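What follows is a short report on a single structure.
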């Protein structure tokens with residue numbers, strides 16, 4: 001039976017501060033780090049640490065980092081997310097809105113914008129290729145909260161992951177080949193994924209298996225041997241052990257192994273953001289070059305690339 005209800009798409013990403021200022025970063029980090037999916041410590045222990053120590057120290061530092069990557073139209077994550085939404089809407093000829101798990105526009109405002117356009121069925125596409133409770137499940141939690149504030153909740157379909165979707169792998173491979181054509185092929189391709197605490201994976205989060213599968217499929221698509229490609233995890237926070245190997249520690253060792261010309265890509269990120277433009281492209285470059293590297297090529301995220309948009313269109317097909 002054909003569904004005649006009007007459909008629309010909600011593109012979801014993590015979120016970003018409204019401005020590259022300490023107060024805006026503090027508001028954003030407060031919401032982000034209050035989520036039990038992200039930090040599962042007991043609240044009476046975590047909240048005083050968060051508000052008394054972490055936010056006052058980190059917010060000004062992180063604001064300066066945001067200032068170094070801020071674009072004329074705003075935060076890179078938001079700029080690219082809006083471009084994705086506009087291109088996808090034109091391609092599928094359906095309403096597409098952006099909603100962020102943290103910050104603005106919120107999941108609720110994204111949903112409300114779709115409902116105002118007469119949408120009754122929403123396809124929710126979190127732009128996290130690899131599933132994790134810290135990301136994809138946090139989106140589901142946020143949707144549940146948003147629905148509580150609505151007199152009538154829409155029907156919806158949730159795209160849980162797409163870490164091994166053929167079009168996602170082809171889009172990644174195309175971006176790598178494009179970089180090789182422009183910059184030459186490096187000695188090694190490093191896939192750097194955002195990390196999570198190891199304890200989360202030990203408790204059943206499938207994220208590392210998804211990252212491993214993406215890397216394996218990308219290697220196959222690019223016809224790379226095991227000694228030509230690897231994977232690491234970045235962006236760890238706090239003192240506990242996170243998924244390993246760590247990106248920064250690995251970069252320190254590669255030049256001594258004869259890898260002087262490095263290509264690096266961040267397959268877990270659907271758009272360029274602070275973690276790719278500042279942490280990888282700047283900090284990681286500095287680490288690698290200081291340890292004897294000769295050439296460091298950061299391969300940008302898929303952003304609003306045409307093949308990436310085609311993949312999204314495939315994922316949200318009725």
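The numbers here are math on the coordinates, done by the rules we state, and not lab data. Computed from a prediction, not measured in an experiment: that's the story for all the values here. Ideal geometry is used to build each Cβ from the backbone, glycine not excepted, and the neighbour counts take in all protein chains shown.
Structural remarks
- Between 0 and 90°, nearest 10: helix 76-92 axis offset from the chain longest Cα axis: 60
- Sequence of 312, 150 once ranked by neighbouring C-beta atoms within 10 Å, starting from the fewest: 150, 312
- Remark: relative contact order (region 22-69) = 60 percent; criterion is Cα-Cα distance under 8 angstrom and separation of 6 or more residues.
- Length-normalised contact order of region 166-299 in % [C-alpha pairs under 8 Å, at least 6 apart]: 32
- Residues 246, 298, arranged from fewest to most other Cβ atoms within 10 angstrom of their Cβ, appear as 246, 298.
- Percent antiparallel among DSSP beta bridges (both partners in the chain, rounded to 5): 5
- Sorted by Cβ neighbour density within 10 Å, fewest at the top, the residues 302, 107, 45: 45, 107, 302
- Angle of helix 55-69 to the longest C-alpha principal axis of the chain, folded into 0 to 90 degrees and rounded to 10: 80°.
- Region 166-299: antiparallel DSSP beta bridges as a percent of all, rounded to 5: 5
- Compared with the dominant principal axis of the Cα atoms in the chain, helix 136-148 is inclined by about 20°.
- Our note on the geometry: Cα centres of region 41-66 and region 257-318, 27 Å apart.
- (i) 17.5; (ii) 16.0; (iii) 27.7, with the label sought being that of the calculated mean projected area of the Cα convex hull in nm²: (i)
- Dividing the Cα radius of gyration of region 148-190 by 2.2 N^0.38 Å, with N the residue count, gives 2.07.
- Projected-area mean, region 31-129, by convex hull of Cα positions, square nanometres: 8.6
- Diffusion constant of region 164-279 at 10 °C, which comes from Stokes-Einstein with the Kirkwood Cα-pair radius and 1.306 mPa s, µm²/s: 107
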